[in-house]
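Scroll down for the structure; my scribbles are underneath it.
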Amino acid sequence: MVTQIPIILASNSPRRKELLERAGYTFTVMPSDCDEATDIRFPKDMVMELAGRKAENVYKKVCTDRAGTEAETQPFIVIGSDTVVALNGRILGKPVDYDDAYNTLNSLSGQTHNVYTGVSIMYYDGEKCRTKTFYENTEVTFYPMTHEEIVGYLATGDPFDKAGSYGIQTQGGLFVKGIKGSYDNVVGLPLSRLYHELNEMLCGQ
């Protein structure tokens, strides 16, 4: 079931927005402004930690906005998410500049890497809040890329706001030889897992 309880997406990512829309969810967007600095170096732990921070940040904002109003006891759901790419255990986030994006793509060329997305769901049922946080891991294998292909892709501007410096749903998908796991997870949100985790959470009320 696709719930009618108000959902707030704690992310300004157009990819996550498109995925939720595709699944039929009705939601609003309220980007988190939490501190994302972390010393965590294990990808799965990092994405769950940051997804949790984002969800909690927005959850507290909503509670503050609703305090003292009729909406104070109305149920709502916040979804926070974070994605990183890891190559041989080394985390590759969004590129800081052109050279970083080039070097990242060059390192991924002909290799298999992992895409980790953490998701944190905070569900307020009108009385109390319940939280569920999880992650998904997808293996992605790239074809070998030439210098000209990397430079041409960088010229599109597409890599610069994406973890791992590529978008599988855009021109970056031309370099993907194969994946093992959830495609949506690589885009930025493991939609099927989210659907089932959220339904399980709501049914357990």
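The values are calculated or read from the model by the stated rules, or taken from the named source; none is laboratory data. Computed from a prediction, not measured in an experiment: that's the story for all the values here. As a convention, Cβ positions derive from the backbone with ideal geometry for all residues, glycine included, and neighbour counts pool all protein chains shown. In case anyone asks, the SASA skips ligands and DNA or RNA and just uses the protein heavy atoms, side chains included. Shrake-Rupley method; radii C 1.70, N 1.55, O 1.52, S 1.80 Å.
Worth pointing out:
- Scanning region 184-204 for residues that are touching a helix residue (DSSP H, G or I) at 6+ places or on another chain (Cβ under 6 Å) and aliphatic (A, V, I, L, M) gives 187, 189, 191.
- Hey, residue 146 free of Cβ contacts under 8 Å to residues at least 24 places away in the same chain and open to solvent by 30 Å² or more (accessible area, probe 1.4 Å) or not: yes
- If you go through region 11-29 and keep only what is open to solvent by less than 40 Å² (accessible area, probe 1.4 Å) and within 21 Å of residue 137 (Cα to Cα), you end up with 11, 13, 15, 16, 19, 20, 23.
- The set of residues from region 165-195 being over 17 Å from residue 13 (Cα atoms), in a helix (DSSP H, G or I) and open to solvent by 60 Å² or more (accessible area, probe 1.4 Å) comprises 171, 174, 192, 193, 195.
- Taking region 30-48 as the range and being surrounded by 11 or more Cβ atoms within 10 Å (Cβ to Cβ) and of a type in the set (A, V, I, L, M, F, W, C) as the test, the residues that pass are 30, 34, 40, 42, 46, 47, 48.
- Under the condition of being among the hydrophobic types (A, V, I, L, M, F, W, C) and open to solvent by 50 Å² or more (accessible area, probe 1.4 Å), the residues counted in region 67-98 number 2.
- Taking residues in region 180-200 that are farther than 25 Å from residue 86 by Cα, and partners anywhere that are crowded, with 22+ Cβ neighbours inside 10 Å, the pairs with Cβ atoms closer than 7 Å and at least 6 places apart or on different chains are 198/121.
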